[in-house]
Amino acid sequence: MSTETTKKVANPGPLGLLGFGMTTVLLNLHNADLLPLSIMIVAMGICLGGLAQIIAGVRELCQGNTFGGTAFTAYGLFWWSLVLIWTNPFAGTETAPDIASADGTALGFYLLIWGIFTAFMFIGTFKHNIATRVVFGSLALLFFLLALGDFTGNHGITVIAGFEGIFCGISAIYSAMGQILNAEFGKTIIPLG
């Protein structure tokens, strides 16, 4: 007689998508000039955007999902690095007296490199559902628009990027809710394509 039991492993994807999506919506409400940058956005960047995505990414890696693990861990660390850029806690300290705040050109290159990374990840989504393609495609566009806004100093481009980023964040929330509700009900409640 077999006493073997099957252990169900939870899908960490929705946690990562919610961490990304909710934080992205809040930051882009700021980029679209609808909210000021405040501790609320910074805290979301540290906790949900950062920590929740890192946890989801590590869980994805433990389950053998290189794509999900790389995406969630990298974007979680993106949020932490962005918060460090905003707060610049090392400037003027004895150990790093010459660290200056990031200017528009520096931020432009920072966002550009994230856009390039995301464009390559977008290529990987062609093996995934449409919802995932929308998240990564809109995220690549967001990074490129934000980089362009910083390089040119054109605030109008940043505002356009903000509205596009709100769409990107909502698409990630949609994907997360689809995965959660479809799994809970054992059928398609929210189509993901």
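Only a single criterion out of (1) farther than 23 Å from GLY156 by Cα; (2) touching a residue at least 40 places away in the same chain (Cβ under 8 Å); (3) aliphatic (A, V, I, L, M) is not satisfied by ALA43, namely (2). Among the residues of the range 55-72, just one is buried (at least 20 other Cβ atoms within 10 Å of the Cβ) and without any contact (Cβ under 8 Å) to a residue 24 or more places away in the chain, namely GLY69. Listed by first and then second residue, the pairs linking a residue in the range 108-133 that is within 19 Å of VAL83 (Cβ to Cβ) to a residue that is β-branched (Val, Ile, Thr), with Cβ atoms under 7 Å apart and 6 or more places separating them unless they lie on different chains, form an empty list.
Regarding ILE116, is this residue assigned to a helix (DSSP H, G or I), over 16 Å from the mean Cα position of the chain (by Cα), among the β-branched types (Val, Ile, Thr) and more than 27 Å from LEU34 (Cβ to Cβ)?
Details: assigned to a helix (DSSP H, G or I): yes; over 16 Å from the mean Cα position of the chain (by Cα): no; among the β-branched types (Val, Ile, Thr): yes; more than 27 Å from LEU34 (Cβ to Cβ): yes.
Against the criterion (assigned to a helix (DSSP H, G or I), over 16 Å from the mean Cα position of the chain (by Cα), among the β-branched types (Val, Ile, Thr) and more than 27 Å from LEU34 (Cβ to Cβ)), ILE116 does not qualify.
Okay, residues lined up against (1) touching a Phe, Trp or Tyr at 6+ places or on another chain (Cβ under 6 Å); (2) modelled with pLDDT under 95:
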position: PRO36; (1), (2): no, no
position: LEU51; (1), (2): no, no
position: PHE90; (1), (2): no, yes
position: ALA96; (1), (2): yes, yes
position: ALA100; (1), (2): no, yes
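Looking only at residues in the range 156-193 that are among the aliphatic types (A, V, I, L, M) and either part of a loop (DSSP other than H, G, I, E, B) or touching an Asp or Glu at 6+ places or on another chain (Cβ under 6 Å) (or both), which one is nearest to PHE20 (Cα to Cα)? Within the range 156-193, the match that is nearest to PHE20 (Cα to Cα) is LEU192.
Can you find even one residue in the range 19-37 that is surrounded by 13 or more Cβ atoms within 10 Å (Cβ to Cβ) and either touching a strand residue (DSSP E or B) at 6+ places or on another chain (Cβ under 9 Å) or over 22 Å from ILE160 (Cα atoms) (or both)? Yes, the range 19-37 contains at least one residue that is surrounded by 13 or more Cβ atoms within 10 Å (Cβ to Cβ) and either touching a strand residue (DSSP E or B) at 6+ places or on another chain (Cβ under 9 Å) or over 22 Å from ILE160 (Cα atoms) (or both).
Scan the range 18-76 residue by residue and report those that are outside any helix (DSSP H, G or I) and either under 10 Å from the mean Cα position of the chain (by Cα) or under 21 Å from THR125 (Cα atoms) (or both). Don't jump to the end; show me each part of the working.
Of all residues in the range 18-76, those outside any helix (DSSP H, G or I) come to 32-38, 63-65.
Result: GLN63, GLY64, ASN65.
The single condition among (1) part of a helix (DSSP H, G or I); (2) closer than 19 Å to ALA147 by Cα; (3) not hydroxyl-bearing (Ser, Thr, Tyr) that ALA102 does not satisfy is (1).
The values are calculated or read from the model by the stated rules, or taken from the named source; none is laboratory data. Everything numeric here is computed off the predicted structure, so don't read it as measured data. In this analysis, Cβ positions are derived from the backbone assuming ideal geometry, glycine residues included, and neighbour counts consider all displayed protein chains.
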